[in-house]
Structure formats: C-alpha cells, structure tokens
Amino acid sequence: MRVIYFSPIYWDDLKQRPQHLAEEMVNNFNISLTFVEPSISILTGFLGKNSGYLKRQQEINENLLIFRPSGCLRVPKSIDIIDIFGLNSLYERMQLISFIEQADVIWLGSPIFYPLVKKFRQKILVFDRMDDYSYLTTNYLLKRVINKFESMLLKKSDIIFNSSVQLLQSSKAHNEHSYLVNNGIDLSLLKFAVDSNVTKEIKKIKSEGKVIFGYIGAVDHWFDYEVIDAIINKSSKFTVCIIGRDNIPEQRINHPNIHYFQPVPKHFVGPIIDSFDICLYPFINEEAINTINPVKIYEYLSFNKKVLAVKSKETEKFPGLYLYNNINEFNSLLGEILSFSSPFNAEELKEFTYHNSWTKRAEEIVTYLKGVKKRDTTSVSN
C-alpha cells in the first residue's frame, strides 16, 4: 500500500501523532509513505528571515520520503477563503502530482490540504481528525478556511479517524465511515535516558528542596495561568517548570518559582517527565477541551506520575488522574497532592503502556485501511 500523508506538523518538529503513525506504518506494516510537510509561503519566509519556503526532500529509508513543496508562489493560506479558482495552491499541486498519482491512499492530517487533492477523486481519501482545528488558531480568516474545507472533508472522505469521542460523534453526523483512534504513547521515551540541560537544571532545583510541578507542551490561548499562580502561592517549596514553545510570552508570570524552558528534542522528553514530582495538564475549562485526547497525559502516565488535570470528557477516561473543574477544586487537590499515590502498580503500568502504544494505534488504522472502499461522492458538492 502506498500512502501520501499530508501532515500539519513538520517532520523535525516535536514528535506527535503524524510522525509516530507514519513511522509505525512504514516500519511495522509494510507501507510505502510520502510524508508531505506544510509549505511555507514566501511572505512568511521573508518575514522570518529564513529559506523555509524552498522545496525540501529527504529520504529516510526506501519506504519513507519527506517532501515539502516550495511555497515561493503562494501567499498565506488564510487567503484561500476567497480563492475560488484555487490559484494559491496551483504551484503546490503541480509539485505534488507525481507523488499523488503513485499513491493508493491520500491521507490528510488537516483540512487546509484539501484544495491540493480534491481533484484526485479516484484515490482513497482519509481524513485524520486529530484536533478541533479551528480552535487551535486565533486567526479569523484561517478559522473560516478550516471550517470550509473541513465541512467538505467530512462529506467526501472515504474514512475518517477521530482522536476523541466528541470528534467522532460530530464526524458520524456527516459520515458513517468514522472511527475512533485515540492518541498514544511513544515507547521509546521509556528507553532513552539522555539528560538534557533542562533535566540537569530541574534536578538542581529539586536538590534545593523544591517540589516540581511540570508541564511539557505548547503554551497558547488555551493555557490556564490561574492554576500556575495558585501553585506558587500555595507553598514556597512549590516550583513550576514549563517546557515548550511559548506563543503568549506577554502573559507569563515572572516569579522565582516559575521556570520557562525552550522546546527540547523528543529523546530528551522522557528524563524530563521522570524528573517531575507532579505533572500538569493546565488547560482553560471550556467546551473545546472535550475534543482533545491529550498525548501529554499518555506520556505522563507512562512514567507513573501523579497528574493534576482539568476535567473533560477525555481526561475522565484516563485512570489515576486527579481532576478538577475550577480553581477551588484545584486548590483543594493542591493541598493534598503530596499524600496521593501514583496511578499504577507495576502490572497495571505495563498493561497501560502496551495497550496504548502508537504501535497498537497504527495496527487499528491499518486494519481499517485494508477494509476501506472508495465511496461514490460525486453527488456531494465541492
């Protein structure tokens, strides 16, 4: 089986669902895969003073190719809301035609790629609905673009994989060929023991008698600084370490017991999580969090860590979490967290990591793919 996989994440970014599933399908299920990175518009490249808008091609092995089309003839994708003739994606389509024609399956990891492939109706079309995509951006025009193409994909796709139950339910309202495939655990995190400068710094802080509350991931409009403030005000021993890309630096709390670190390569993540005393999932409690099946919680639990997490339809499904609805409940948990036990015994931990590994998720996906048939969607408008 040959798959062209359009990923919203770059291959060398912090490893998430797209890279994990691509690797698993290639390494364990005899699939040939072209991993297409999102192009960078020439305007974005110039503003960022980099050459990322140029074409990139890298062969990982004989069955896995990384390709980024040149964005030198396009402007930011938010313009697609008025681009009725598809001119903004024309040059990208031309670069991708040969890869698409060779593929049996077109896999879209985001609705923004739909204009690139919608004319190739003879191919199996897969939509991997990893997130509530419009929630992740604050760009009004891009939200409209995402909603427009997602609406089309929900009707046109031959199969839809959904990372959460709420996404599954909304997909099924449009397409009966919708299935739940949660996020998973990178088992390699449990094998690597490479200390980074971040780990060393955290261990130094702990040696001073501090209790480490840790968070790994992006900091954006969904991040709840109210709970971070509550932690540092509860005890002078409580220290928060935040590791990840910070998209709202203007909202940072400057305090000696809060430490901010830049993103780290994936092979450093395991030892960092292992150095935390308590792990955090500090998202603002709003309806959209019910669509998120959080990778970071799988990773936290794979190290048998105590986890303080905002309550949602997805976090309720995890074993052993300490959940809160609001700041009052969070403060109550905070007063007792040091006396709480870890979520698993040794056998339970082994079972949890095995059944929630990315290998098991890829196995589910390949089973579905082997049974999928091309649907007749010619009556569904573009």
How many angstrom lie between the Cα centre of segment 224-259 and the Cα centre of segment 14-80? 33 Å
Going down the list LYS204/LYS237; LYS206/LYS305; LYS15/LYS203, which pairs span over 21 Å between their C-alpha atoms? LYS15/LYS203
Note down the net charge around PHE67, summing +1 for each Lys or Arg and -1 for each Asp or Glu among other residues with Cβ under 9 Å from its Cβ. +2
Rg and Dmax of segment 8-127, using alpha carbons, in Å: what are they? 14.4, 42
Apportionment of accessible area to carbon and sulfur, segment 80-225, percent (1.4 Å): 55 percent
Using the charge dipole of segment 333-376 (Lys, Arg: +1 at Cβ; Asp, Glu: -1 at Cβ; taken about the Cα centre), state which of ILE365, PHE344, LEU334 has its Cα farthest towards the positive end. ILE365
What does the extension gain come out to for ALA173 and ALA288, with contour length at 0.36 nm per residue minus their alpha carbon separation? 39.6 nm
Between ALA22, VAL75, GLY52, whose Cα lies farthest towards the positive end of the dipole of segment 1-135 when Lys and Arg beta carbons carry +1 and Asp and Glu beta carbons carry -1, centred on the Cα centre? VAL75
Based on the Cβ-Cβ distance of ILE97 and GLU364, what FRET efficiency does E = 1/(1 + (r/R0)^6) give at R0 = 35 Å, to the nearest 0.05? 0.70
With r defined as the distance between the Cβ atoms of ILE327 and LYS204 and R0 fixed at 45 Å, what FRET efficiency is calculated, to the nearest 0.05? 0.90
Only helices at least 18 Å long along their own axis, judged from Cα atoms, and with Kyte-Doolittle mean hydropathy of -0.5 or greater: name those in the chain from DSSP H. 90-102, 140-156
Determine the calculated [θ] at 222 nm for the chain from helices alone, applying -39500 (n - 2.57) to every DSSP H run no shorter than 4 residues and normalising by the residue count; nearest 500 deg cm²/dmol. -10000 deg cm²/dmol
Note: probe point = Cα of LYS373 + 7 Å toward Cβ; backbone nitrogen < 17 Å; residues of segment 150-191 passing the test are 157-160, 176-178
Rounded to the nearest 5, what % of DSSP beta bridges with both residues in the chain are antiparallel? 10 percent
Within segment 195-280, list the GluC sites (Glu not before Pro) lying in a DSSP loop whose Cβ has at most 16 other Cβ atoms in a 10 Å radius. GLU208
Can you give me the accessible area per residue for segment 25-155, using a 1.4 Å probe, in Å²? 47 Å²
So, with +1 on the Cβ of K and R and -1 on the Cβ of D and E, and no other charges, what is the size of the charge dipole of segment 234-311 about its Cα centre, to the nearest 20 debye? 220 debye
Of the residues PRO294, TYR179, TRP107, the Cα lying farthest along the dipole of the chain towards its positive end, which is defined by charges on the beta carbon of Lys, Arg, Asp and Glu, belongs to TRP107
I want the local charge near TYR91. Using Cβ-Cβ distances under 12 Å, sum +1 for each Lys or Arg and -1 for each Asp or Glu among the other residues. +2
Just how large is the dipole of segment 269-376 about the Cα centre, in debye to the nearest 20, putting +1 at every Lys and Arg Cβ and -1 at every Asp and Glu Cβ? 560 debye
Between GLU336 and ASN197, what is the label-point separation in nm under the 7 Å Cα-to-beta-carbon projection? 4.1 nm
Reachable lysines from LYS118, Cα under 25 Å, same-chain residues fewer than 8 places away excluded? LYS55, LYS77, LYS143, LYS148, LYS155, LYS156, LYS172, LYS370, LYS373, LYS374
Could you do me a favour and compute the accessible area per residue for segment 171-218, 1.4 Å probe, result in Å²? 50 Å²
What longest range of the chain stays clear of loop-exposed chymotrypsin sites (Phe, Trp or Tyr not before Pro) (DSSP non-H/G/I/E/B, at most 15 other C-beta within 10 angstrom)? 193-339
What dipole magnitude, in Debye to the nearest 20, does segment 99-195 give about its Cα centre under +1 on Lys/Arg Cβ and -1 on Asp/Glu Cβ? 520 debye
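The values are calculated or read from the model by the stated rules, or taken from the named source; none is laboratory data. If you're wondering where the values come from, they're calculated on a predicted model, not measured in any experiment. So basically every Cβ, Gly included, is an ideal-geometry build from the backbone, and we count neighbours across all protein chains shown. Side chains included, ligands, DNA and RNA excluded: accessible areas come from the protein's heavy atoms. Shrake-Rupley method; radii C 1.70, N 1.55, O 1.52, S 1.80 Å.
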